[in-house]
Structure formats: structure tokens, C-alpha cells
Amino acid sequence: MDLRSTGMEFASEFVIKAAQLRARITEVPITLWPDKRGRPPHLRSFPDGWRHLRFMLLYAPNWLFLLPGILLMVLGLTLVFWLLPGPRHITDHVVVDIHTMVFGVMFTLMGAQITAVGFFAKVFSYAERFDRNSISLQRVLRRVQLEHGLALGVCFF
């Protein structure tokens, strides 16, 4: 299963990877005994919970970042291009104009940023071997080199 985590995320990783592999999961009853080490628990609620949530979200960059980012970008561009010819009259008293177009531009920029974060999360999850079924990403990463990114950055500049 190639389990990678060492902390409390181990159980979630085990369940996620078992579900991805379509393995059969069975519940086994156990007897839980009280901790006799005589020290207070070392679980820190917020930092440990955030680390756990972040770990689980690495398995879903498409649904968490890419799809919402692309939808927001398409919505913003649609709004901008719809308002490009001029003000639109919805009813006699409601007119959408430049202020609504500004929101369209903001939606487009936020969508582009969210999509970029999604691509970075997808590459990170691939590099850390969380996502091993991404064949299209493997092809892209084999062809893209540092020089390509530098040339593109110079062109944009």
C-alpha cells in the first residue's frame, strides 16, 4: 500500500488507500484499556487537527482546487464578456454596468489563483507519492523543464 505517514494521519491514510485499491475493509472489535503511563495526553487539538485535514485534502486537489477555480474563472470571464458591449438592463430599475464587470474581473483572478494553487497541490501530492495514478501529470512533468518556465516568465514580463 506504500503508506507514507508516521503520525496520527496513518489511520486515515490506511483507509483512503484501501478505498482507492478497492480492498475489503472489516471492523475488528478490541478491548480498550486505560493509559497507564501517568502523563497528560499530548494531543494538540487545532495543530494536529489542521495537519490531519491538510493531509486528507492532498488526496483531492481536483475537487478542492481545480474544479472550483476553473468554474469561478469561467463565471468571471462570462460576466466580463457579457458586459463588454455596454450596460445591460435586467429590468426597468436594475442595470448592471462597470461595477459588476469589476466583480467579474475579481472572480476571474481568484479563479486563476485557486487553479494555480490546485496545480501546485497536484504536483506536490504526486511528488510525495500520494497520487500515483496521474498519468497525464507524469507526461507533463517529463516534458516541462526549468528553462521552459523561465522563457515563459520572460515572455510574460
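The values are calculated or read from the model by the stated rules, or taken from the named source; none is laboratory data. Keep in mind the model is a prediction, meaning the values are calculated, not measured. Reconstructed Cβ throughout: ideal geometry from the backbone, glycine too, with neighbour counts over all protein chains shown. Areas reflect the complete protein model, heavy atoms only, side chains present, ligands, DNA and RNA absent. Shrake-Rupley method; radii C 1.70, N 1.55, O 1.52, S 1.80 Å.
Note on PHE119: accessible area approximately 110 square angstrom, rounded to 10, probe 1.4 Å, nucleic acids and ligands left out.
Suppose all protein chains stay in the model; what accessible area per residue would a 1.4 Å probe give for region 1-122, in Å²? Display every interim value, and only then the final one.
Working: 9540 Å² over 122 residues.
In whole numbers, region 1-122 has 78 Å² accessible per residue.
A probe of 1.4 angstrom, applied to the heavy atoms of all protein chains, finds VAL80 with accessible area near 20 square angstrom. Note on the chain: GNM, Cα springs under 10 Å; of GLY86, GLY111, GLY38, the largest mean-square fluctuation is that of GLY38. Compared with the dominant principal axis of the Cα atoms in the chain, helix 98-127 is inclined by about 30°. Using a cutoff of 8 angstrom between alpha carbon atoms and counting only pairs six or more residues apart, the relative contact order for region 8-157 works out to 23 percent.
How big is the gap, in Å, between the Cα center of region 27-61 and the Cα center of region 93-121? Value for the Cα centre distance between the two parts: 38 Å.
Note on the chain: helix-only mean residue ellipticity at 222 nm, from DSSP H runs of 4+ residues weighted -39500 (n - 2.57) and normalised by residue number, equals -19000 deg cm²/dmol.
Mind checking region 1-69 for GluC sites (Glu not before Pro) that DSSP puts in a loop (not H, G, I, E or B) and that have at most 15 other Cβ atoms within 10 Å?
Taking region 1-69 and a limit of 15 other Cβ atoms within 10 Å, the loop GluC sites (Glu not before Pro) found are GLU27.
Here the gap between ILE70 and THR6, fully extended at 0.36 nm per residue and compared with their Cα-Cα distance, gives a gain of 19.6 nm. Treating r as the C-beta distance of ARG51 and THR100 and R0 as 35 Å, the FRET efficiency rounds to 0.30. Measuring with a 1.4 angstrom probe and ignoring ligands and nucleic acids, THR6 comes out at about 140 Å² accessible.
As a calculated quantity, the FRET efficiency between VAL144 and TRP82 at R0 = 35 Å, using C-beta atoms, amounts to about 0.50.
Taking ILE25, ILE70, ILE16 and ordering them by how much accessible surface each has at a 1.4 Å probe, largest first, produces ILE25, ILE70, ILE16. Taking the protein heavy atoms of the chain in the context of the full set of protein chains, the accessible area attributed to carbon and sulfur is 68 percent at 1.4 Å. Under 13 Å from a label point set 7 Å out along the Cα-to-Cβ vector of MET110, the amide N atoms of region 47-75 belong to 68-75.
Kindly give the semi-axes, whole Å and largest first, of the ellipsoid equivalent to region 82-157, taking each as the square root of 5 times a Cα gyration tensor eigenvalue.
Values: eigenvalues 314, 58, 18 Å².
After scaling each eigenvalue by five and taking roots: 40, 17, 10 Å.
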